[in-house]
Amino acid sequence: MNENNNLFHNDNDFSKLVKKARRKSLMKNIVISLSVSLLLFAGFFWLGTFLMYKKVDDEISYDYAIQSIQGANVQYMGSWYNYTPFSASVTTETKKIVAGVPVPWGNHEKVFSIFGSSRLIQSNFVTGTGNSEDERIPVYFQGERMIEFYTPNRNYAFLPDDRPLLDDIGENKMVEMAFSFDAVYSIEEVQNRFATQLNWYWVDAGLTDVQTEEAEPIFGNDAYGFLQNQDSVESANGFIQQIKWLQEEQGDFQEEANRLYDSMTNNGQNDLAPEKLGIIGVVVTGTPEELKQFNDAQMIRAAVLGVTADEY
């Protein structure tokens, strides 16, 4: 009888040891699993964050390149970044410089996710008021008039000429005006005629073909061209280099960059060089009196008033 009791006692002890070992093994496996999971999560989080930061840098560089060739007299003035553990947002300020006076032209905000997506938050919209029977309804953006361009050779229901409005604008104002030409001109020809007030060149990007149907004007934000710096040839070279760079980059604008290149080189038959660029319009800025010197310029087909700003 005592031997049987000792046997059962020993079995109980052994069972307890087995259960204890199992608990230790289970706890050990749980700790290992949690540690591996945490390491994997940290690794994926670090990789996702790294790729998100890279995407931010790549897309902002890409957007800056596009802006440098698109948008009449519009400049990116800088960006500020806001990072969270799972996202990032980049807000870029844009302005127009009207005879030395900076005028806010809206902000572009992009939100990036750690999961690889990005989206543009659109907060600036074009507005216009008028009657359907009006020959033309001025369009406003950021509370200022938006310039429009009219290509040579195309048919329009109405070609505006806002130069008479200069008589009604006070001399303490700085004015932006877009001139659309009646033909294609060289950079040198345009420089010689508008040098003193010239801010931006509108480049022919395949828009000079004769069109029988009634065409629509091109808003300034959608026009292609480049800013006038101290050296117009250097500015044109910068425009060309950005198009070539955008052709090489895998992005949403690559196809359009290829179209621009083909259009300006006759499908690669000509070199893309400053002297080969066709200029079909400009943006000029200055006081109303300074811009009146162009009232009799024969090469101007249409003239559209843009931003007006106080001199002081």
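Please treat every number below as a calculation from the coordinates, not as lab data. Bear in mind that the values here come from a model prediction, so they are computed numbers and not experimental data. Cβ coordinates were reconstructed from backbone atoms using ideal geometry, including for glycine residues, and neighbour counts include every protein chain displayed.
For F125, put the label point 7 Å out on the Cα→Cβ axis and report which residues of the range 85-109 keep their amide N under 18 Å from it.
Counting backbone N atoms under 18 Å from the label point, the list is 106-109.
Using mean projected area of the Cα convex hull in nm² as the read-out, say which of [x] 18.4; [y] 27.3; [z] 15.6 was calculated from these coordinates.
Of the labelled values, this structure produces [y].
If you take every DSSP beta bridge fully contained in the range 139-310, what fraction is antiparallel? Give it as a percent rounded to 5.
90
Take every Cα pair under 8 Å in the chain that's 6+ residues apart, average their separations, divide by the length, and report that relative contact order as a whole percent.
This gives 23 percent for the chain.
Once you put a point 7 Å from the Cα of L159 and another 7 Å from the Cα of K276, both along the Cβ direction, what distance in nm separates them?
Roughly 2.9 nm, to one decimal.
Find how much the distance from E311 to D167 grows on full extension, using 0.36 nm per residue of separation minus their present alpha carbon separation; answer in nm with one decimal.
Here the segment from E311 to D167 would lengthen by 50.2 nm.
For V111 and L39, calculate 0.36 nm times their separation in residues minus their Cα-Cα distance, and state this gained length in nm to one decimal.
Here the answer is 23.2 nm.
Find out how many positive minus negative residues lie around A236, taking Lys and Arg as positive, Asp and Glu as negative, among other residues whose Cβ is under 12 Å from that of A236.
My count for the surroundings of A236 gives -3.
Work out Dmax and Rg for the range 139-310 from the C-alpha atoms and quote the Rg first, both in angstrom.
Computed over the Cα atoms of the range 139-310, radius of gyration and Dmax are 16.3, 50 Å.
Please give the charge dipole size of the chain, origin at the Cα centre, charges +1 on K and R Cβ atoms and -1 on D and E Cβ atoms. Round to the nearest 20 debye.
Taking the Cα centre of the chain as origin, the dipole is about 2820 debye.
Name the helices (complete DSSP H segments) of the chain with a Cα length along the long axis of 18 Å or more and a Kyte-Doolittle mean of at least -1.0, or state none.
What comes out of the filter, once short or polar helices are dropped, is 2-67, 232-248.
Report the local net charge at D222: Lys and Arg +1, Asp and Glu -1, summed over other residues whose C-beta lies under 13 Å from its C-beta.
Spelling it out: positives minus negatives among the neighbours equals -3.
So for the range 139-310, averaging the separation of alpha carbon pairs under 8 Å that are six or more residues apart and normalising by length, what relative contact order in percent results? List each step's numbers first, then the result.
Numbers: 309 pairs, mean separation 80.3, N = 172.
Relative contact order, the range 139-310: 47 percent.
Taking only Cα atoms and a 10 Å spring cutoff, compute GNM fluctuations for the chain and point out the largest among F194, F149, F50.
F50
Among the GluC sites (Glu not before Pro) within the range 94-188, which fall in a DSSP loop and have no more than 12 other Cβ atoms within 10 Å of their own Cβ?
E133, E135, E171
Express in whole angstrom the spacing between the alpha-carbon centres of the range 222-262 and the range 96-118.
19
In whole angstrom, note down how far apart the Cα centers of the range 287-312 and the range 152-179 are.
Answer, in whole Å: 6.
Sum -39500 (n - 2.57) across every DSSP H segment of at least 4 residues in the chain, then divide by the residue count to get the 222 nm mean residue ellipticity, nearest 500.
Value at 222 nm, helices only, nearest 500: -12000 deg cm²/dmol.
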